[in-house]
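See structure below.
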Amino acid sequence: MSIQTGAQKKFYAFTRGIQLLAAGSLVLGLAACGKSGSEVTNSAAQTNGKTGSNGTVEILNVSYDPTRELYQELNTAFAKHWKEKTGQTVSIKQSHGGSGKQSRAIIDGLEADVATLALAYDIDELENKKLIPAEWQKRLPDNSSPYTSTIVFLVRKGNPKGIKDWDDLVKPGISVITPNPKTSGGARWNYLAAWGYALKKYGGDEGKAREFVSNLYKNVPVLDSGARGSTTTFVERGLGDVLIAWENEAFLSLKEFGKDKFEIIAPSVSILAEPPVTVVDKVVDKRGTRQVAQAYLEFLYTEQGQEIAAKNYYRPRLTSVASRYAEQFPKLNLFTIDEVFGGWQKAQKTHFSDGGVFDQIYKK
Amino acid sequence: MANTAKQRSTLPGFGLAMGFTLLYLSLVVLIPLAGLFLKTTELHWEQFWSVVTAPRVLASYWLSFGTSLIAAVTNTVFGLLVAWVLVRYSFPGKRIIDGLVDLPFALPTAVAGISLTILYSQNGWLGRYLEAIGIKAAYTPLGITIALTFISLPFVVRTVQPVLQELNVQVEEAAATLGANGWQRFVRIMLPQLLPAVLTGFALAFARAIGEYGSVVFISGNMPMRTEITPLLIMTKLEQYDYAGATAIAVVMLVVSFVLLLLINWLQWRSGRRHVLG
């Protein structure tokens, strides 16, 4: 038929090509979905090149989402400190994203001189891939965690549902917001905090603890993929009666959205969240930045570093600084993951791996 | 498409162009694709099978393919309508509307997802009215469908539009003088010519929706067995550093998508041929 014009024929050939490309972009999309979302920002003095002979050096700190403000401040302070001490200008770049995603980026070749992630499990994977030695967590004081945090509740002003402790979270009719432990490192701390509380309450009865935690998750209407997503759901979307959150994130929400809207409730028992830090040996040895990277992490433990951590609502380790900020942090009973769960590897395997306890909770 | 002329092209440079095409496709499509398949070979067949047929994964296939299908069908119907309006009528602000169609292409998917969630959650501008009549949108498959419809809209409009523009209005006018009514003119004259483009638009929208992650995670609520899309399960595998498991699921999605695309291609070819012969 004469209706089919030349232009149309060209068009069909063109669309066939597009289809091929669409199939291809599907692949790329899948491959890329693991890598998107992290960003590298530059802070401190801008310098060019790597370890310059003119006394400048650049290092990259690969961290997780909520530490952006903390490290911006720390980087400026450290750059000043390093300049005074050695005369060398140091420029620290920072990269933020989900903790697991950041770890995978390093494994896939992102040249991180230091990794400061949300949980030891994500740094253990660097060890599995031979980027750091086995005893990495013993190289710096306090399990290589210069600052700690814990898991608390954020409720709406006036606490209309009267939430005081973990027990209130399993009551029928309470809507709890927490992210998905399968995709969020922070959410794993939340889950383990609840589990640890239940274990304590029922005198170590695993079955009862499991029942408690599944009742809690029955009250969860939405599992966001990350901690920031959950905060948005609770704070901006107005969903839920209580948000289970990192203490420093809860403080940031108060600061950002006003103390007239939300309040922080400290449960009687919670987990000591220890976000660890490490030098990435393979990278610093290749780039010749070990000395400055090491000094950078040690700086976190100094009076000044601890002060900055406390100001950013992380609990300092140094008692002198901790006592100065004692009023800021509510007192609660804290247990560590090593005490109750036998470390991250074990906790991950039992609770969060495929077929683990968390999956069983949702099995039909 | 039936009259495949095998005459020598009058245009020079075929060798160079073809070489470049192959290189380009290899770098951009074939090598990543091969890498994906290679990674899954780390698994034994039984492992592969148990990963890709786990109940949660099966539930996610239904959800992902089902919502993508509904979104693509919705866009096929309404995208055609949008293209029709843009081509056949002139009205003030037409250029703006024409530009709006491309917005889902340009917008970062996460922004789209967050905006849609704000709109459709139970306290949102639209969600509160839906909630009032008993419809939950955000955090349900409906919400996922809405997000997928949003991101795949331009594909149908932009594939149908140029074909619609090329249609010979004189043929329709001739049909009208012979007594064909509006519906007859549409079904018997326009639709056969539009069908290949419509199918292409459908296929593109469908393929795009299946792989979508960024906009959906916000509105889906990610509840196991209920609102977990397949790309999210791939992410959860990656979070456990289970690269092989993640690629296994990706390979299944890819193979299913590819088979569906081939099928649509075949339908398109058939409809094109029937049209030429008939």
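Table for the structure above
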{"quantity": "Pairs with Cβ under 9 Å, 6+ apart, first in the range A:53-75 and open to solvent by less than 10 Å² (accessible area, probe 1.4 Å), second assigned to a helix (DSSP H, G or I) and of a type in the set (Phe, Trp, Tyr)", "calculated": "A:VAL57/A:TRP82; A:ILE59/A:TYR296; A:ASN61/A:TYR71; A:ASN61/A:TYR296; A:SER63/A:TYR71; A:LEU74/A:TYR296; A:LEU74/A:PHE299; A:ASN75/A:TYR296"}
{"quantity": "Unique residue being farther than 25 Å from B:LEU204 by Cα and in contact with a Ser or Thr (Cβ under 8 Å, 6 or more places away or on another chain) when the list is B:GLY93, B:GLY113, B:GLY124", "calculated": "B:GLY124"}
{"quantity": "Search result, residues across the range B:222-263 that are more than 8 Å from every other protein chain (Cβ to nearest Cβ), under 17 Å from the mean Cα position of the chain (by Cα) and within 21 Å of A:GLY229 (Cβ to Cβ)", "calculated": "B:ILE229, B:THR230"}
{"quantity": "Filter pass, A:ALA326 being touching a Pro at 6+ places or on another chain (Cβ under 6 Å) and within 16 Å of A:SER149 (Cβ to Cβ)", "calculated": "no"}
{"quantity": "Where A:PHE78 falls short, out of the listed (1) outside any loop (DSSP other than H, G, I, E, B); (2) open to solvent by 30 Å² or more (accessible area, probe 1.4 Å); (3) more than 9 Å from every other protein chain (Cβ to nearest Cβ); (4) at pLDDT 90 or above", "calculated": "(2)"}
{"quantity": "So B:PRO32, is it of a type outside the set (A, V, I, L, M, F, W, C), at the interface with chain A (Cβ under 10 Å from one of its Cβ atoms) and either surrounded by 18 or more Cβ atoms within 10 Å (Cβ to Cβ) or part of a helix (DSSP H, G or I) (or both)", "calculated": "yes"}
{"quantity": "Helices (runs of 4 or more DSSP H) fully within the range B:100-204 counting 2 or more residues that are at pLDDT 95 or above, open to solvent by 10 Å² or more (accessible area, probe 1.4 Å) and out of contact with any Lys or Arg (no Cβ under 8 Å at 6 or more places or on another chain)", "calculated": "B:141-166"}
{"quantity": "Criterion violated by A:SER175 - all others in (1) out of contact with any strand residue (DSSP E or B) (no Cβ under 9 Å at 6 or more places or on another chain); (2) within 14 Å of chain B (Cβ to nearest Cβ); (3) of a type outside the set (Lys, Arg); (4) open to solvent by 20 Å² or more (accessible area, probe 1.4 Å) satisfied", "calculated": "(1)"}
{"quantity": "Number of the condition not met by B:GLY15 [criteria: (1) modelled with pLDDT under 90; (2) under 27 Å from B:TRP266 (Cα atoms); (3) in a helix (DSSP H, G or I)]", "calculated": "(2)"}
{"quantity": "The range A:225-244, residues that are among the β-branched types (Val, Ile, Thr) and either part of a loop (DSSP other than H, G, I, E, B) or open to solvent by less than 30 Å² (accessible area, probe 1.4 Å) (or both)", "calculated": "A:THR231, A:THR233, A:VAL235, A:VAL242, A:ILE244"}
{"quantity": "Verdict on B:SER50 being open to solvent by less than 30 Å² (accessible area, probe 1.4 Å) and part of a helix (DSSP H, G or I)", "calculated": "no"}
{"quantity": "Leading residue by the ranking (farthest from A:GLU125 (Cα to Cα)) among those in the range A:322-349 that are among the acidic types (Asp, Glu) and not in a loop (DSSP other than H, G, I, E, B)", "calculated": "A:GLU339"}
{"quantity": "Matching residues in the range A:255-280 - criterion: being surrounded by fewer than 18 Cβ atoms within 10 Å (Cβ to Cβ) and either part of a helix (DSSP H, G or I) or acidic (Asp, Glu) (or both)", "calculated": "A:LYS255, A:GLU256, A:PHE257, A:ASP260, A:GLU263"}
{"quantity": "Any pair with Cβ under 7 angstrom, 6 or more apart, that starts in the range B:118-138 at a residue that is within 15 Å of A:GLU236 (Cβ to Cβ) and ends at one that is among the charged types (D, E, K, R) and open to solvent by 80 Å² or more (accessible area, probe 1.4 Å)", "calculated": "B:GLN122/B:ARG128"}
{"quantity": "Cβ pairs under 6 Å, 6+ apart, first in the range A:256-276 and free of Cβ contacts under 8 Å to residues at least 40 places away in the same chain, second outside any strand (DSSP E or B) and surrounded by fewer than 23 Cβ atoms within 10 Å (Cβ to Cβ)", "calculated": "A:PHE257/A:VAL235"}
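The values are calculated or read from the model by the stated rules, or taken from the named source; none is laboratory data. All figures in this text were calculated on a predicted structure; none of them were measured in a lab. Counting neighbours? That spans all protein chains shown, and the Cβs are built from the backbone with ideal geometry, glycine included. With ligands, DNA and RNA removed, areas are computed over all heavy atoms of the protein, side chains included. Shrake-Rupley method; radii C 1.70, N 1.55, O 1.52, S 1.80 Å.
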